[in-house]
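J.: Below is one structure. I have some questions about it.
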Amino acid sequence: MVLLAFNKPMNVLSQFTSEGGWPGLAEYIDVPGVYAAGRLDRDSEGLMLLTDDGRLQARIASPRAKTAKTYLVQVEGEPSGDTLDALRRGVTLKDGPTAPAEVELIEPPALWPRNPPVRVRKTVPDSWLRLTITEGRNRQVRRMTAHIGHPTLRLVRWQIGGIGLAGLALGAWREVSPNEL
């Protein structure tokens, strides 16, 4: 069984084939027989797990498994404590209520530069959140932050279960143990 942690750059697809001018995972990963355990949107960055084991893939990707996924999220504005409490309770999106999230305001993390960079507006401050969810709906974190009035500017998946990005360069991958999940 193979399990890889990959630090996906922005504007890379979560599939091996390139499409519409966007590169796929094959540009970075040359390990035969592995496939993505879940997706990460083209405009998001960070941790993806890939495996050659179907059961492990299902365990990682299935919302029923409730695998914790932690994101570092740059948002527009400065959320208040009450606003963050709404995320902690769960918010109701168009496809139903979310499970409660763990969320905290953090200092800007030391991340690689994003290409293209986030547009800076002098009149609108931004903030960083560490947000952990156990679901994984389509664009869920972006929809949650928009719901509370603080749209996402940059989204980096930092950790899945116990597997994190620390020490993994942008565009690089390493083999990890399923026991770390």
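The values are calculated or read from the model by the stated rules, or taken from the named source; none is laboratory data. Here the structure is a predicted model, which is why all the values come from computation and not from measurement. Cβ atoms come from the backbone with ideal geometry, glycine included; neighbour counts cover every protein chain shown. With ligands, DNA and RNA removed, areas are computed over all heavy atoms of the protein, side chains included. Shrake-Rupley method; radii C 1.70, N 1.55, O 1.52, S 1.80 Å.
J.: Determine if the stretch 18-29 includes at least one residue that is assigned to a strand (DSSP E or B) and on the phi < 0 side of the Ramachandran plot.
T.: yes
J.: If I filter the stretch 82-104 down to residues being within 16 Å of T134 (Cβ to Cβ) and hydrophobic (A, V, I, L, M, F, W, C), which single residue comes out as surrounded by the fewest Cβ atoms within 10 Å (Cβ to Cβ)?
T.: Checking each candidate, the answer is A99.
J.: Taking the criterion of being among the polar types (S, T, N, Q) and part of a strand (DSSP E or B), would at least one residue in the stretch 42-54 satisfy it?
T.: Yes - at least one qualifying residue is present in the stretch 42-54.
J.: Sticking with this one: Say we look at the stretch 1-51 and pick out the residues that are open to solvent by 70 Å² or more (accessible area, probe 1.4 Å) and in contact with a Pro (Cβ under 9 Å, 6 or more places away or on another chain); which of these is modelled with the lowest pLDDT?
T.: M1
J.: Kindly evaluate E135 against the criterion of being part of a loop (DSSP other than H, G, I, E, B), open to solvent by less than 90 Å² (accessible area, probe 1.4 Å) and either touching a helix residue (DSSP H, G or I) at 6+ places or on another chain (Cβ under 9 Å) or small (G, A, S) (or both).
T.: The answer is yes for E135.
J.: Here's something else I'd like to know. Can you give me the number of residues within the stretch 131-155 that are modelled with pLDDT of 95 or more and closer than 15 Å to A37 by Cα?
T.: Residues flagged as modelled with pLDDT of 95 or more and closer than 15 Å to A37 by Cα within the stretch 131-155 amount to 0.
J.: Between W112, W128, W158, which is open to solvent by 50 Å² or more (accessible area, probe 1.4 Å) and either modelled with pLDDT of 95 or more or assigned to a loop (DSSP other than H, G, I, E, B) (or both)?
T.: Only one candidate passes the filter, namely W158.
J.: Pick out the one residue from P108, P117, P113, P32 that is closer than 16 Å to R157 by Cα and free of Cβ contacts under 8 Å to residues at least 12 places away in the same chain.
T.: P113
J.: Here's a check for you: in the stretch 58-79, which residue that is assigned to a helix (DSSP H, G or I) and not hydrophobic (A, V, I, L, M, F, W, C) is farthest from A110 (Cα to Cα)?
T.: R64
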